[in-house]
Amino acid sequence: MDLERSQRLRKLPPYLFADLRRKIAARRQRGEKIISLGIGDPDMPTPDPVVERMCSAVADASDADRHRYGNDNPVAELSEAFADFYSRRWSVKLSDNQILPTMGSKDAIVKLGLAVLNAGDIGIAPVPGYPTYNISHVFAGAVTHQLPLRPENDWLPDFDEIPHEVRRLAKVLWLNYPNNPTTAVAPLEFFERAVDFARENDILIVHDAAYTENTFDGYEAPSILQVSGADETAVEMFSLSKAFNMTGWRVGAMVGNAEAVDALSAVKDNVDNGTLRAVQFAAVEALNRAEELRDRINEVYQKRRDLVVERLSAAGWDVTSPKATIYVWAPVPERFAGDSGRFAEELLDKAGVVVTPGRGYGQWGEGYFRISLTYPEGVLSEAMDRIVQTGI
Ligand SMILES: *Cc1c(COP(=O)(O)O)cnc(C)c1O
């Protein structure tokens, strides 16, 4: 048959890493040893206690519902564990109707778009930024207004830049701190300004909190829900993926504004059937031990961060040390005149090292590149040797 893809699918930009994956595969096929520092998927294993809890839960014949649909048979302890975590971590009190476990944030971001956007509505997404916010808009028939993040503003958006017509038509505003790809962090005062802006314009803020637990040097990232009254206009998407090396497990939660929680829940009831109960029990274990588990994981990332930042700085590169996330974000060397694509290609050609060009995260990412710290020190060290030796 002659399958014609839907307009919605045809409207999507190419998957950010698809092109990169093809190039790497082609070079590897030729026998070249390519080091890819492109993708942000933790290499370290899920912590033992979490894996053990999964195993015991899946083997527990006394749980008669263990094989059943997760949405219809939720593990009550999971919502309690999220509530307890938010209370311990940020002194944020969440009631039951403000907590909805998700199958990870990427999934929830797209489903939330389907829950709150109509054709012709506007969603405001930061650029550079995680591409899925825009995908969520496209799937819902809505339009993206790109909100620039700029280095001179510490990669925080300036809400005054948003035109009045956009404010009127916008239904959602996405934020993400600690930020991917820029590694920027936001002070609580920034979230206060964001909540004021959202309240004045009747816009739902969705704070993507994928990296609040990936922090260094004693820095603690805030939650937007610490702002008083934030739950009138904001939700936060928390994910276990990056915090506890659990990307493949697909578990997180959207918390905050109860109406938004209810709307997302309605989409989920019609589209997915939720997370396996054993995974939910394992997530409880991770959340109850969050501080201990994340500190051990962050120690490793911090060493890797120091290795990358020190080696590149010593070679004269302009690199600042991030306080959070699992990335290093830096401007491309001057002779590339801000062309991050050309820089990444030359790095692949001459050093056999893959980095992500900032342009891939949107126009205001141009001039920068991202290195992911999800590789062992030995690999990072060899990659830095290669980069420095090419004299790029
Ligand atoms: C990795 C990432 C996610 C996705 O996390 P999942 O919960 O695994 O879907 C969401 N937002 C940002 C900014 C990310 O980098």
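The values are calculated or read from the model by the stated rules, or taken from the named source; none is laboratory data. In this text, all values refer to a predicted model and were calculated from it rather than measured experimentally. Quick reminder, even Gly has a Cβ in these numbers, built from the backbone with ideal geometry, and neighbours come from all protein chains shown.
If I ask for residues that are within 12 Å of the ligand (Cβ to nearest atom), surrounded by fewer than 23 Cβ atoms within 10 Å (Cβ to Cβ) and not hydroxyl-bearing (S, T, Y), which ones from segment 128-142 would you list? P131, I135 - these are the residues of segment 128-142 that are within 12 Å of the ligand (Cβ to nearest atom), surrounded by fewer than 23 Cβ atoms within 10 Å (Cβ to Cβ) and not hydroxyl-bearing (S, T, Y). Restricting the search to segment 234-245, which residues are more than 10 Å from the ligand (Cβ to nearest atom) and either of a type in the set (A, V, I, L, M) or in a loop (DSSP other than H, G, I, E, B) (or both)? Scanning segment 234-245 gives A234, V235, F244, N245. Applying a threshold of 8 Å to beta carbon distances and a minimum spacing of six or more residues, or different chains, the list of pairs starting in segment 103-114 at a residue that is within 15 Å of A209 (Cβ to Cβ) and in the same structural domain as V172 (by TED's automatic domain parsing) and ending at one that is among the small types (G, A, S) and more than 8 Å from the ligand (Cβ to nearest atom) reads I109/S136; L112/S136; L112/A260; L112/A263.
For segment 259-270, does any single residue satisfy the condition of being in contact (Cβ under 8 Å) with a residue 24 or more places away in the chain and touching a Phe, Trp or Tyr at 6+ places or on another chain (Cβ under 8 Å)?
So the first thing to find is which residues in segment 259-270 are in contact (Cβ under 8 Å) with a residue 24 or more places away in the chain, and the list is 260-269.
With the extra rule that they be touching a Phe, Trp or Tyr at 6+ places or on another chain (Cβ under 8 Å), the set shrinks to none.
No, segment 259-270 contains no residue that is in contact (Cβ under 8 Å) with a residue 24 or more places away in the chain and touching a Phe, Trp or Tyr at 6+ places or on another chain (Cβ under 8 Å).
Scanning segment 187-211 for residues that are buried (at least 24 other Cβ atoms within 10 Å of the Cβ) and within 25 Å of V328 (Cα to Cα) turns up V206, H207, D208, A209, A210, Y211.
The set of residues in segment 95-127 that are within 11 Å of the ligand (Cβ to nearest atom), in a loop (DSSP other than H, G, I, E, B) and not hydrophobic (A, V, I, L, M, F, W, C) contains only G104.
Of all residues in segment 351-373, those being outside any strand (DSSP E or B), under 21 Å from P13 (Cα atoms) and in contact (Cβ under 8 Å) with a residue 60 or more places away in the chain number 8.
Within segment 36-49, is even one residue assigned to a helix (DSSP H, G or I) and not hydrophobic (A, V, I, L, M, F, W, C)? Yes, segment 36-49 has at least one match.
Per-residue answers, yes or no, for (1) touching a strand residue (DSSP E or B) at 6+ places or on another chain (Cβ under 8 Å); (2) not in a loop (DSSP other than H, G, I, E, B):
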| position | (1), (2) |
| --- | --- |
| V308 | yes, yes |
| R311 | no, yes |
| G316 | no, no |
| R335 | no, yes |
| F343 | yes, yes |
| D349 | no, yes |
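Does L276 fit the bill of being surrounded by 17 or more Cβ atoms within 10 Å (Cβ to Cβ) and either under 20 Å from the mean Cα position of the chain (by Cα) or outside the structural domain of R88 (by TED's automatic domain parsing) (or both)? Judged against the criteria, L276 is not a match. Being assigned by TED's automatic domain parsing to the domain that holds S91 and under 17 Å from the mean Cα position of the chain (by Cα) is a property that T233 lacks. If you check V255 against the conditions, is it in the same structural domain as V75 (by TED's automatic domain parsing), part of a helix (DSSP H, G or I) and under 30 Å from N73 (Cβ atoms)? Spelling it out, it is not the case that V255 is in the same structural domain as V75 (by TED's automatic domain parsing), part of a helix (DSSP H, G or I) and under 30 Å from N73 (Cβ atoms). Only residues that are touching a strand residue (DSSP E or B) at 6+ places or on another chain (Cβ under 8 Å) and within 16 Å of the ligand (Cβ to nearest atom) were counted across segment 185-233, and they come to 15.
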